[in-house]
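Shown next, in structure tokens, is the structure this report addresses.
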Amino acid sequence: MSLTKNLLQAAVMRSLRTAPPLPLVFLLMTAGESFCCGLWFLSESAQWCRVAAGVGEERSEAVSYSNSDCLMGSRLCNQLFHASYVSGAFGTEWSVKYNQQKICALNGSTVFMNGTFTLPEGLTVTKTFWVIHPVDGVEPTDLSKESNYSGRVEFFTDDQKHFSLKLSDVMKKDEHQFYFRIITNVEKERWLGKPGVQLRVTELHVEAPEEVTEGQTADLTCKTTCSLTDPTFIWYKNGRPLTTKTIKNNQLHLQTVSSEDAGSYSCAVGGSQHLHSTAHSLRVRYPPKRVSVSISPSGEIVEGSSVNLTCSSDGNP
């Protein structure tokens with residue numbers, strides 16, 4: 001560090017001996033993670049002056065100066081330091097990274113929005129929250145204070161700068177862009193994590209034929225209006241889980257349909273089994289089975305009397 005510093009000082013001195021007495025701005029890195037911004041001047045009395053800006057403290061400290069130029073340089077250095085530091089030129093910068101920027105959730109379910117953030121060194125986080133509908137120049141409202149979200153949202157942040165939003169009882173009107181907001185100990189140092197997380201809400205519904213003929217195949221599909229993340233689909237017949245049928249992704253495949261396959265079908269997603277789709281009735285056409293004949297009256301029949309013969313069977317139609 002000292003060698004680099006001495007070389008920079010020598011270069012400045014050589015340039016100023018042959019140039020007008022104008023300030024030269026340069027950056028020096030300290031042994032730690034801090035940075036030092038320095039301005040060097042050649043004063044009228046031919047004395048050197050160095051002005052240093054404190055790092056992360058938003059103040060300037062004049063190491064030595066002999067005229068007003070040095071004090072002015074101190075202010076300029078601090079401004080340059082502040083602008084570069086906040087924009088990330090000195091290392092750590094503002095950033096908000098979401099694990100998912102688009103989320104599809106079931107109506108009535110609970111959804112989590114997660115991510116991590118960084119901020120410039122020297123700033124202290126005083127508050128974090130989530131917002132929707134931000135307007136430029138207007139401080140956005142904490143989502144937990146919105147009447148539509150009161151009691152349905154929870155915010156989590158830890159020391160490793162992980163953050164999370166838990167939204168319960170998701171509904172269709174929750175389809176918004178959600179943003180993570182950071183407030184620090186410096187009034188003007190606030191951050192809104194764009195582009196945010198886009199939430200879409202869907203319900204499940206079964207797409208299938210109304211009727212199928214015995215012996216044919218039939219496919220029932222559990223449909224959504226957006227793509228759920230790694231869903232495991234569960235099928236129900238007359239309210240009971242199906243475990244003996246072929247299930248592939250979001251489809252239930254009925255191979256060689258029989259009359260026993262007729263019934264009411266619905267689907268759900270693993271982890272949210274209580275959120276069933278609306279039921280779909282499947283009818284199966286099949287020829288008469290179990291044909292039988294009954295005689296009335298039963299027993300012996302006297303010649304010349306009347307008798308009723310009834311033929312019955314199971315079939316559709």
Extend 7 Å from the Cα of Thr217 along its Cα-to-C-beta direction; within segment 248-280, residues with backbone N under 20 Å of that point are 248-262
With +1 on the Cβ of every Lys and Arg and -1 on the Cβ of every Asp and Glu, the dipole magnitude of segment 188-317 about its Cα centre, in debye rounded to the nearest 20, is 920
By the mean-Cβ-within-10 Å protection proxy, highest first, 95-104, 239-248 rank as 95-104, 239-248
Rounded to a whole %, the carbon-and-sulfur portion of the accessible area of segment 99-220 at a 1.4 Å probe is 45
Contour minus Cα-Cα span, Thr157 to Ser227, at 0.36 nm per residue, comes to 22.4 nm
The set of residues whose placed amide H lies less than 5 Å from the amide H of Val284, leaving out same-chain residues fewer than 5 positions away, is Val212
With the 1.4 Å probe rolled over protein heavy atoms, segment 121-260 has an accessible area per residue in Å² of 58
Subtracting the Cα-Cα distance of Ile295 and Gln101 from 0.36 nm times their residue separation yields 62.5 nm
In whole Hz, the Karplus estimates of ³J(HN,Hα) for segment 93-99 (6.51, -1.76, 1.60; θ = phi - 60°; x where Gly or Pro) are 9, 5, 6, 10, 10, 9, 5
Distance in Å, no decimals, from the C-alpha centre of segment 274-298 to the one of segment 90-109 is 52
Mean shadow area (nm²) of the C-alpha convex hull around segment 192-317 is 11.8
Too long for a 23 Å Cα-Cα cut-off, among Lys127/Lys194; Lys161/Lys188; Lys127/Lys161; Lys97/Lys248; Lys102/Lys237; Lys145/Lys166, are Lys97/Lys248; Lys102/Lys237
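The values are calculated or read from the model by the stated rules, or taken from the named source; none is laboratory data. Since the structure is predicted, the reported quantities are computational estimates derived from the model, not experimental observations. Glycine gets a Cβ as well: all are built from the backbone with ideal geometry, and neighbour counts include every protein chain shown. Side chains included, ligands, DNA and RNA excluded: accessible areas come from the protein's heavy atoms. Shrake-Rupley method; radii C 1.70, N 1.55, O 1.52, S 1.80 Å.
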